[in-house]
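Presented below is the structure to which this report refers.
The values are calculated or read from the model by the stated rules, or taken from the named source; none is laboratory data. Here the structure is a predicted model, which is why all the values come from computation and not from measurement. Backbone-built Cβ (ideal geometry, glycine too); neighbour counts: all protein chains shown. To get the accessible areas, we keep the full protein, side chains included, count just its heavy atoms, and leave off ligands, DNA and RNA. Shrake-Rupley method; radii C 1.70, N 1.55, O 1.52, S 1.80 Å.
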Amino acid sequence: MQYLSRFVLILMLFASVLGISVAQDEEIVIDFYFPSATANDSEGIFGRYAEMFQETHPNVTINPVFSGSYTDTRNTILTEIQGGGAGPDVAVMLATDLYSFAEEGYIIPVQPFIDNMENGEAYANDFFPALLLNSMDEDGNLWSIPFQRSTPILYYNADLLSEAGYDSPPTNNAELVEIAQALTTEDRYGLLVPVAGGFPIWMYQSFAIAYGQNIVTDDPTEVLFNTPEAVEAAQFLTSLGTDLGVGPVGGSAWGDTPTAFLAGQAAMIYHTTGNLTRILADADFEVGVWYLPSGPAGEDGTGYGTPTGGGNLYIFDDGSQSEAELQAIWEWITFLSSPEIQADWGATTGYIAANATAWETEPLASLAEEHPQYLVARDQMEFAQKEYTSYGAITIQGIINGTLESILTGQAEDAQAAMDEAQAQIDSVLDEYR
């Protein structure tokens, strides 16, 4: 593939770059684009990080640019680059955007930078393995660095569960339904899963994984969207709003879901760990957090499963960066991915601090001891699998999201038929890569 040969060239071209320090007499500006998928003050946080970095790099100016949602960020960057503009130097984009941007030669792999670090192996090994699954290509070369990472988790109103006689959260989807039905009233949903609004794939994937078969593998030319497990997962997710009656038909909207939970309009919700700090701060009830019980009980009685999620740090190649600029860009990335910043980021937002050392670093170490809910998000990675990505990812993701939306809303009454048709479209896209 084109990007693999490009990788070899970059290894050769940048070998001399990676051992130098940033020249103190060259004024460097790094355009840094970042999205937000939560109510956290991302602009304020990144402004603070930029100031911290510039204190030790006086000749480097970080220009943080808020670029909207993840989708907005991706589209903005594509529009700028394809229109002949420079685009950003560094951006936080979905970890799943890797193949789409690598195929076009828009991004630079980070593997050469890591290979030329004195402590490169230790640096890479400190990241949680599950968070690297979407950071590398099929040959194991790293293209992006975990930063704004998450998994969806179960939030529950522990006061309501206790009042209903439940001392612990559900561990499989039968228990999930039982508790959700017990807590559903005329003015309160028992469970909200944010799959409405055109992007159901992430939450849906937790059900597919928990039913026993992820929709992706390590092969980027393979997507498994019409397996029996995938279909059962879609049917169960749909039934939450129909036969089971614990949530609205078609699911809830992303931004409305935590608001409803905090207002007492939902007893349990699925949502990102990236909202954990906000929810803990704003709730007037005891907030419980647990692994996603999305599947039927296995041999141990549990039905856990989750994809990873969130954004990685990508380096963009405009073809004109100097050696000093490239080194400054890499130092900005290693700063953001350092245990100290990851500990602050995790504590401030609730996103999963991406490296193990961050959990032993203040302020996250003390916060996690005081609020063990943070540890649940980290420990759930034992059950985490690769988030959807493949060649032709943007097109295929659109096919999957559109199909799931039609099933969840009842427009497509036969889930198997709809997913068979979608699989045929997916295979047609992937055939050119096989």
Requested in this report: Could you bin all the Cα-Cα distances of the stretch 189-302 into 5 Å bins starting at 0 and give me the percent of pairs in each, rounded to whole numbers?
Outcome: 2, 11, 20, 22, 19, 14, 8, 3, 1, 0
Query raised in the report: Hey, any idea what % of the chain's accessible area is carbon plus sulfur with a 1.4 Å probe?
Result: 47
Query - Accessible area (Å², per residue) of the chain, counting only protein heavy atoms and a probe of 1.4 Å - result: 38
Query raised in the report: So what is the calculated 222 nm ellipticity per residue for the chain, using -39500 (n - 2.57) for each DSSP H run with n of 4 or more, over all residues, to the nearest 500 deg cm²/dmol?
Result: -12500 deg cm²/dmol
Requested in this report: Take the alpha carbon atoms of the stretch 254-328, find their center, do the same for the stretch 123-145, and report the distance between the two centers in whole angstrom.
Outcome: 19
Report task. Hey, could you get me the Stokes-Einstein D for the stretch 351-434, Kirkwood radius over alpha-carbon pairs, 20 °C and 1.002 mPa s, rounded to whole µm² s⁻¹? Result -> 133
Query raised in the report: Once Rh for the stretch 38-82 is found with the Kirkwood sum over Cα pairs, what is the Stokes-Einstein diffusion coefficient at 20 °C and 1.002 mPa s, in µm²/s?
Result: 177
Requested in this report: For the stretch 138-169, state which chymotrypsin sites (Phe, Trp or Tyr not before Pro) are in a DSSP loop and have at most 15 other beta carbons lying within 10 Å of their beta carbon.
Outcome: none
Query raised in the report: Helix 70-82 sits at what angle to the longest principal axis of the chain, using alpha carbons and giving 0 to 90 degrees rounded to 10?
Result: 40
Report summary line: Where a ≥ b ≥ c are root eigenvalues of the Cα gyration tensor, a/c under 1.5 meaning rounded, otherwise prolate if a/b exceeds b/c and oblate otherwise, the stretch 46-117 counts as oblate
Report summary line: The simple spin-label model distance between residue 80 and residue 369, using points 7 Å out along Cα→Cβ, in nm, is 4.2
Report task. Measure nothing fancy, just the Cα-based angle from helix 339-349's long axis to the longest principal axis of the chain, in degrees from 0 to 90, nearest 10. Result -> 40
Report summary line: With bins of 10 Å, the percent of all Cα-Cα pairs of the chain per bin from 0 is 4, 22, 31, 25, 13, 4, 0
**Report entry** Virtual spin-label span in nm between residue 51 and residue 249, 7 Å along Cα→Cβ
**Finding:** 5.2
Report task. Please say if the stretch 93-242 is rounded, prolate or oblate, where rounded means a/c under 1.5 for a ≥ b ≥ c the square roots of the C-alpha gyration tensor eigenvalues, and otherwise the choice is prolate for a/b larger than b/c and oblate otherwise? Result -> prolate
**Report entry** ³J(HN,Hα), Karplus 6.51/-1.76/1.60, whole Hz, each residue of the stretch 322-329, x for Gly, Pro
**Finding:** 7, 4, 5, 5, 5, 5, 5, 4
Requested in this report: Could you give me the percent of Cα pairs per 10 Å distance bin for the stretch 293-434, shortest bin first, beginning at zero and ending with the bin that holds the maximum distance?
Outcome: 10, 23, 26, 26, 14, 2
